[in-house]
1. Restricting to the stretch 112-129, and then to whatever is of a type in the set (A, V, I, L, M) and surrounded by 20 or more Cβ atoms within 10 Å (Cβ to Cβ), can you tell me which residue is nearest to Ile502 (Cα to Cα)?
2. Return the only residue of Thr577, Thr618 being within 24 Å of Ile645 (Cβ to Cβ) and of a type in the set (Val, Ile, Thr).
3. Mind checking which residues of the stretch 81-91 are among the hydrophobic types (A, V, I, L, M, F, W, C) and at pLDDT 95 or above?
4. Which one of these is within 27 Å of Thr66 (Cβ to Cβ), within 28 Å of the chain's Cα centre (by Cα) and not polar (S, T, N, Q): Leu159, Leu95?
5. Identify all residues within the stretch 193-219 that are closer than 21 Å to Glu616 by Cβ, of a type outside the set (Val, Ile, Thr) and assigned to a strand (DSSP E or B); write none if there are none.
6. With the requirement that a residue be part of a strand (DSSP E or B) and surrounded by 20 or more Cβ atoms within 10 Å (Cβ to Cβ), what does the stretch 176-192 give you?
7. What number of residues in the stretch 511-531 are under 22 Å from the mean Cα position of the chain (by Cα), in a strand (DSSP E or B) and under 21 Å from Ala651 (Cα atoms)?
8. Of the residues in the stretch 82-111, how many are assigned to a loop (DSSP other than H, G, I, E, B) and either among the hydroxyl-bearing types (Ser, Thr, Tyr) or open to solvent by 50 Å² or more (accessible area, probe 1.4 Å) (or both)?
Amino acid sequence: MLTLALLVAGVGGVKAGKLYADLSKLGNGPVSTWDGTTNTMTWTATSNNMISNFNFAAGNYKDCSTISITVSDLSNAVGIRLQIKANGQEKLVALNGNGTFTKYLTDDFGFTASDLAKVEWIRVLGSAWQNSENNTIDADHPASAVISDVYLSQPTRTLDVNLSNMAASEGEATWNFSTKTFAWTLTYSNAITLPGLSGNLSSFTTVNFETSAGTCDHFRILIYYSNGAAQTTYYASVGNKSVTFEEMGVATENLSSIASIKISGASDATGDISLNRFWLEGPLVNYIEETKVQVAPEGVTDLNGMTGADNNKWSIAYPLTVGDGTQFGGDIDKDTKSVDITAYDYLLFVVSDASTDAKTGLRVFVSTESRSDNNSRVTLYAHPIADYSSVSDWTAQSFITASGIFVVKISDYPLLRGIKNLAYWQGSAGTIVISQAYVGSGSPVAPTESTVVAGVNALTDANATCFDVTSLTETGLSYNPANPNALFIANSGQMTNANNVIVGTTCANLVLTDGYAFKAPKDFTATAASYATTINSDAQAGTLCLPFTATLPENVKAYTLAYVSGDAASATAVESTIPANTPVLLNGSGAQTFAGSGAVSASAANQSGALTGVFEATTVPEGSYVLQNGAQGLGFYRVASSDIIAKPFRAYLSAESAPARLGIDFGDNTTTAITATAATAVGSTVYDLQGRRVESSTPKRGIYVKGGKKVVIK
């Protein structure tokens, strides 16, 4: 995985999940030149017009999803081209015109995750075409383009601080909402809490901020913990910066217990700075890596833990490297630590590595009878398992210079005394790495090769939202993640999971479960999609935001909300379907399933009117409103602290200068408290104008609300 590090703009490195190319490292090509001062590429032919490769080191880039490049001042050509060589394949994508281009390494270039684990180089070429006037590209009419901001991106999750919810003052510090100025008058007690940054933040790795100098050019970031850990102080200079929690000195185990994060004035000067943005980022995709292991057959006995004489247990830690003169097991010179092997016929070794340029092998020391001297000791040699039936003399030397399965026939001997490398005997250096060793009866049975998933612990992480399995070579894969909403990016036919598998840009069946996080790693289309939830039967109301277009279930109504002023938000009914990424107020009751299909976006804004939808558990910004059944009945209540969490697929409401509680205006000049029947045009329950349910079947004279409309009882 790439390690996030602080980046100085324009220099190659990693910043908030982006691995930048160092453009100062580029050089000229066969028919092209590079000006490192102006970042200008010039070429004089339509072919062979590359410049030298970007300085992305050859290696594993499967944790990156896209490559981005900015092109400007394009002259005498329609565009440029990006070319990548990975896993022996060279693939090229054309980029026409000026602008910032972002291309998926899989969908646009056609690489698999397995390919991206073996990237050899990345470079840029001039276009193979002239401009729209069809002018010639040659030495007299060169083409050129300015290239900037070339980087590979890791998928990330982002948590933005809502600066509009900052406190106006705290201690000796102040916040100016209109100018976004943070100021302090003392060098202590000069911090303001950043709203929304508390609780478990372990899924984030990077702190990012956009600041500029005012009367001071530096400040501090303070981090407090709820688990008793000591405060962390990070000294920052102004600018657009990205710094990892690790670089800030935050212990990984403390990230799950954040009490608050504050922006603080300098400790050596008073003054002010401008703060335009502050946010956290962390990796989005958890990759599943494949590892092949050898699984021993049933009925065999591992040498590790075998008990010798005097209850002496052999202790072997795999992988075991047997070097010059190294012995393991018992005592080859005396049989006092030997183990009884009368029940076994063969000894088997799984050799995962061996020196290829040395005379080395495995010597197995056995005894013909139980004696404390060397008179009965016999030396046997390990041979390839394929030769087991043809070897007539197991005391004949045999060399091991490659990995494989090797055996020794031990059926004629009662005691196993120890094992040693052959290289020492031969006077040559060499090692053998043993990953498994066991004894068995009958004919030798080799272990079977099986795939295990390194990093499988991510499957038990309820916050993990996506897994990429395209690099696995097996088919018929099946996983049951702790987060049922986790998506799997897979090749066609690779997985047996019926739900939440993306092949290319299509998910055949997207099934979302209430209460669990969801995040699309890229844009895709859901052929079918569904989400199940339960609307509180007493309240008969709730909020909802879905990433796909959904049909309203029978007897459920939905409304978008807008707020301008006063003590109520305005409701507009949604007809038949809820658009994707559109937060709404629901009216209904009991278990409901929202079914739909269509495009699912990785970056669409989940905001409509006054409502903001969330797909992951989200701290509601202070000053926002959440739907609650509070002291004044069901309504939207203002959040006074930063410890209110909105569940996935819910929404909160934003309204400035509003009262502590908001009602909903459903039209007909009727402003009511939010109550389910008043919110719909159906039902026979009667409410007074304060939104209180009238229990009497014969209300007194007055004006009431029934079926969402005012009625007058005389």
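The values are calculated or read from the model by the stated rules, or taken from the named source; none is laboratory data. Predicted, not measured: the structure shown is a model, and the values here were computed from it. Methodologically, a virtual Cβ is constructed for each residue, glycine included, from the backbone with ideal geometry; neighbour enumeration extends over all protein chains shown. Accessible surface is based on the protein model in full, side chains and every heavy atom, while ligands, DNA and RNA are left aside. Shrake-Rupley method; radii C 1.70, N 1.55, O 1.52, S 1.80 Å.
1. Ala113
2. Thr618
3. Leu82, Ile84, listed by residue number.
4. Exactly one residue qualifies, and that residue is Leu159.
5. Applying the first criterion (closer than 21 Å to Glu616 by Cβ) to the stretch 193-219 yields 194-208.
Imposing the further condition that a residue be of a type outside the set (Val, Ile, Thr) reduces the set to 194-204, 208.
If the condition is that a residue be closer than 21 Å to Glu616 by Cβ, of a type outside the set (Val, Ile, Thr) and assigned to a strand (DSSP E or B), then Gly199, Asn208 are the ones that fit.
6. Initial filter on the stretch 176-192 (part of a strand (DSSP E or B)): 176, 181-184, 191-192.
Listed by number, the residues that qualify are Phe182, Ala183, Trp184, Ala191, Ile192.
7. Qualifying residue count, the stretch 511-531: 3.
8. Count: 6.
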